[in-house]
Amino acid sequence: MDLGFSRDELAFRDEVREFIAQHLTEMAKRGQSLTAASTTEPDVFKSWHAALYRRGWVAPYWPKEYGGPGWTPAQRYIFESESARAGAPRLSPFGIQMVGPVLMKYGSGWQKEYYLPRILSGEDLWCQGYSEPGAGSDLASLSTRATRDGDHYVVNGSKIWTTHAHFANRMFALVRTANTPKRQEGISFLLVDMNSAGVSTRPIITIGGDHECNQVFLDDVLVPVRDRVGEENKGWTYAKYLLEFERGAGFRAARLRRQLSTLYDLVRRKKNSPPRGDFSERFSEIEIDIDALEFIELKLLSTIQSGGSPGATSSVLKLRGTQIYQSITRLGIDLIGYNALIWEPRRPLYEIGGDAVLPDEELAILAMHLDGRAHTIFGGAAEIQHEIIAKRLLDL
């Protein structure tokens with residue numbers, strides 16, 4: 001296998017580097033470095049999103065017919081690797097990586113024409129209405145109900161752990177539209193306007209100190225029938241397709257490598273008072289794990305480029321990516337030692353300078369470690385990923 005880049009690919013890499021140098025602001029880089037939550041806030045990524053949109057690079061995985069760049073797998077890899085290496089903010093995934101691909105495959109002509117351009121421009125910010133107080137990993141037990149009334153559905157229920165619902169103006173939601181012996185067969189996929197009457201949110205502050213999650217209440221919310229994706233009672237099919245992209249889209253290895261690199265830098269800055277113990281073996285183990293993850297990502301991207309879907313491989317990426325992230329944050333805690341006992345709210349992400357006990361490179365480590373405990377729960381718990389891998393990849 002030839003892993004070298006062609007002359008054209010190297011020229012594209014230089015183009016990406018030049019673009020990043022011109023458009024990635026220090027404020028955006030600092031905001032991302034202090035982000036402990038899994039999803040970056042709009043104030044951090046909006047300038048970067050706008051620059052990418054003007055260049056036509058917002059959605060690396062989208063085909064040209066829907067406004068994407070139509071890149072090859074190598075170009076996608078180069079772009080995401082260079083962006084991660086430079087410390088660029090992560091764009092909100094709910095529109096670009098999740099509902100966007102679902103609309104391309106299952107959406108109506110009107111839905112594609114209306115929503116896809118608004119996802120690209122950032123005019124619409126989306127959140128995911130899947131989990132409920134009584135339906136988490138067992139998502140098929142959801143009870144939020146949508147009752148057909150003429151040209152609308154009347155929706156009643158509650159969603160929980162809804163990331164960025166306080167920023168979003170749109171939500172894609174799973175709702176129950178029929179009582180069937182097999183619970184998955186009575187679920188539909190709706191697109192909800194978060195500004196509709198009857199929609200309210202309650203903040204949930206995470207253990208890392210961030211307002212990332214919310215509980216969303218839907219009380220007699222009217223949703224036009226035209227905002228149902230696909231057929232009624234077939235939403236489980238669309239939800240599974242979306243979850244493959246949620247768990248498998250993107251090159252996470254590149255960003256994990258940057259996060260590990262920041263710990264290397266931290267050790268170098270502490271050379272006059274090195275941390276106790278020998279950390280070299282732990283660094284090496286994590287590096288090897290990231291290398292293995294990267295090869296799986298490249299294989300998956302090749303599958304998608306050939307017209308396939310992520311399938312159960314997305315569960316492997318989700319599981320290993322979150323485990324590696326937890327290993328990195330645990331290592332960070334051990335490296336900063338007693339400073340991990342200091343709880344200090346991170347300064348506003350847009351503010352450069354100011355008074356703080358901890359330096360920037362240590363300021364988010366504790367919050368990242370605490371927030372990272374949830375990474376093997378949300379988006380499909382680790383136990384669920386093991387079951388999917390066993391059943392669909394190993395035929396157990």
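The values are calculated or read from the model by the stated rules, or taken from the named source; none is laboratory data. Because the structure is a prediction, the values reported are computed rather than measured. Neighbour counts run over all protein chains shown; Cβ positions are idealised from the backbone, glycine included.
Looking only at region 49-100, which residues are of a type in the set (Val, Ile, Thr) and within 16 Å of residue 121 (Cα to Cα)? Break it down into steps so the answer makes sense when it comes.
Of the residues in region 49-100, the ones of a type in the set (Val, Ile, Thr) are 58, 72, 78, 96, 99.
Selection gives 58, 96, 99.
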Among the residues of region 154-169 satisfying the criterion of being in a strand (DSSP E or B) and within 29 Å of the chain's Cα centre (by Cα), which is surrounded by the most Cβ atoms within 10 Å (Cβ to Cβ)? 159
Residues of region 1-44 being under 28 Å from residue 325 (Cα atoms) and among the charged types (D, E, K, R), which ones? 13, 17, 26, 29, 30, 41, 43
Per the filter on region 183-214, residues closer than 20 Å to residue 36 by Cα and surrounded by 16 or more Cβ atoms within 10 Å (Cβ to Cβ) are 204, 206, 208, 209, 210, 212, 213, 214
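Go through region 203-242 and count every residue that is of a type outside the set (Gly, Ala, Ser) and at positive phi. Talk me through it step by step, then tell me what you get.
Pass one, region 203-242, residues of a type outside the set (Gly, Ala, Ser): 203-207, 210-229, 231-234, 236-238, 240-242.
Going one step further and asking which of them are at positive phi, we end up with 220, 233.
Number of matching residues: 2.
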Could we say that residue 79 is assigned to a helix (DSSP H, G or I), within 28 Å of residue 308 (Cβ to Cβ) and not assigned by TED's automatic domain parsing to the domain that holds residue 344 here? yes
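Can you report the number of residues in region 250-282 which are assigned to a helix (DSSP H, G or I), of a type in the set (A, V, I, L, M, F, W, C) and modelled with pLDDT under 80? Let's see the steps before the verdict.
Within region 250-282, the subset assigned to a helix (DSSP H, G or I) is 252-269, 280-282.
In the following step, the residues that additionally are of a type in the set (A, V, I, L, M, F, W, C) were identified as 253-254, 256, 260, 263, 266-267.
From what is left, the residues that are modelled with pLDDT under 80 are none.
So the answer is 0.
Quick grid of which residues meet (1) in a loop (DSSP other than H, G, I, E, B); (2) surrounded by fewer than 16 Cβ atoms within 10 Å (Cβ to Cβ); (3) at pLDDT 90 or above:
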{"residue": "284", "(1), (2), (3)": "no, yes, yes"}
{"residue": "289", "(1), (2), (3)": "no, no, yes"}
{"residue": "295", "(1), (2), (3)": "no, yes, no"}
{"residue": "308", "(1), (2), (3)": "yes, yes, no"}
{"residue": "324", "(1), (2), (3)": "no, no, yes"}
{"residue": "343", "(1), (2), (3)": "yes, yes, no"}
{"residue": "350", "(1), (2), (3)": "yes, yes, no"}
